[in-house]
Amino acid sequence: MLEFSGEVISRLSTDERATLTNMVAEIGGMTGLVIPDTETVRFLRERRGIDVQLESWMVSDPDAEVAHTLDIDCSKLEPMLAQPGDQGKGIAASQLTTPVRIDIAYGGSCTGGKREDLIRMHQVLAWADALGLRVAPGTRFILQFGSQDVREYCASHGMLDTFERVGAELIEPGCGACVNAGPGVSDRADQVTISAINRNFPGRSGPGQVWLASPSTVAASAIAGRIVTFEQFRQTLSKPTPMETNP
């Protein structure tokens, strides 16, 4: 069992915490827990209609035995990518020095299709839409909602029009490319996918290469036609062209 706590965790939404707990299996864990706090109370009240009082027994005892304590300085973290073949092959996005062209961008699934994930993708795509940008030619952008509740949330907040306007293909909730089914699955070994799913074992989403990234990186990459974070893409577009610097 892994227990997550700390200042950064306390600022994460329940959707974001769910991604952390989902992935503990990859380091040998059976269960992932986040110490309940005011965010837990808020989520249960607003999303489940349940009022919960925090109790002392809901956290580990101060003298509980633990196998390891890992302290992570999150101020030194940056957007990450997982290279094809294994989600454990992580690199910082800044380490990707050679452009990687993509054929498919897949945003969604149970892991990357929660409300918070769609909000992040919408932020990127609304920015792109305001600049008149669309999904890059030759790139297919699949956006799948994690549940019908998420789809309805996006509809009620006016996100669907933005998604469709930039060229995203919207598909209903369900098991999809994450389990090698439906839109977003590659057809050939030479195809490259950037995906917000949780695992990228060979053959997981077809015969092609699957990179893993955050929802915002997937959305930015879909517009750019290559793997790029939102911040990197914005910086690229803000740089003057040679014609602008040499009139």
Would you mind stating whether Thr40 is among the β-branched types (Val, Ile, Thr), free of Cβ contacts under 8 Å to residues at least 60 places away in the same chain and crowded, with 16+ Cβ neighbours inside 10 Å? yes
Test for Phe145: is it aromatic (Phe, Trp, Tyr), closer than 19 Å to Ser186 by Cα, in contact with a helix residue (DSSP H, G or I) (Cβ under 9 Å, 6 or more places away or on another chain) and assigned by TED's automatic domain parsing to the domain that holds Ser216: no
Condition test on Ile50, is it closer than 30 Å to Ser186 by Cα, surrounded by 10 or more Cβ atoms within 10 Å (Cβ to Cβ) and aliphatic (A, V, I, L, M)? no
For segment 79-95, give me each residue that is at pLDDT 90 or above and in contact with a helix residue (DSSP H, G or I) (Cβ under 9 Å, 6 or more places away or on another chain). Pro79, Met80, Leu81, Ala93, Ser94
Check Arg101, Arg140 and return the single one that is without any contact (Cβ under 8 Å) to a residue 60 or more places away in the chain and either of a type outside the set (Lys, Arg) or in the same structural domain as Pro173 (by TED's automatic domain parsing) (or both). Arg140
Considering only helices (runs of 4 or more DSSP H) fully contained in segment 172-247, which possess at least 1 residues that are at pLDDT 85 or above? 215-224, 230-238
Can you tell me which residues in segment 167-201 are in contact with an Asp or Glu (Cβ under 9 Å, 6 or more places away or on another chain) and within 18 Å of Val100 (Cβ to Cβ)? Gly184, Ser186, Arg188, Asp190, Gln191, Val192, Thr193, Ala196, Asn200
Per the list (1) out of contact with any Leu (no Cβ under 7 Å at 6 or more places or on another chain); (2) surrounded by 16 or more Cβ atoms within 10 Å (Cβ to Cβ), residue check on Asp190 breaks on (2)
For segment 53-83, how many residues are surrounded by fewer than 13 Cβ atoms within 10 Å (Cβ to Cβ), in contact with a strand residue (DSSP E or B) (Cβ under 7 Å, 6 or more places away or on another chain) and among the hydroxyl-bearing types (Ser, Thr, Tyr)? 0
Is it the case, given these coordinates, that Ala105 is within 21 Å of Ser214 (Cα to Cα), modelled with pLDDT of 90 or more, in contact with a Pro (Cβ under 7 Å, 6 or more places away or on another chain) and surrounded by 14 or more Cβ atoms within 10 Å (Cβ to Cβ)? no
Quick test of your reading of the structure: His157 fulfils all but one of (1) over 28 Å from Asp187 (Cβ atoms); (2) in contact with a Ser or Thr (Cβ under 7 Å, 6 or more places away or on another chain). Name the failing condition by number. (2)
Filter pass, Thr21 being touching a strand residue (DSSP E or B) at 6+ places or on another chain (Cβ under 6 Å) and of a type in the set (S, T, N, Q): yes
Can you tell me which residues in segment 91-125 are hydrophobic (A, V, I, L, M, F, W, C) and part of a loop (DSSP other than H, G, I, E, B)? Leu96, Val100, Ile102
Among the residues that make up segment 141-152, is at least one of them in a helix (DSSP H, G or I) and buried (at least 16 other Cβ atoms within 10 Å of the Cβ)? yes
Among the residues of segment 139-187, which ones are touching a Leu at 6+ places or on another chain (Cβ under 8 Å) and among the acidic types (Asp, Glu)? Glu164, Glu169
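The values are calculated or read from the model by the stated rules, or taken from the named source; none is laboratory data. Quick caveat, the model's predicted, so the values are computed rather than measured. Because the Cβ atoms are built from the backbone with ideal geometry, glycine has one as well, and the counts that use them run over all protein chains shown.
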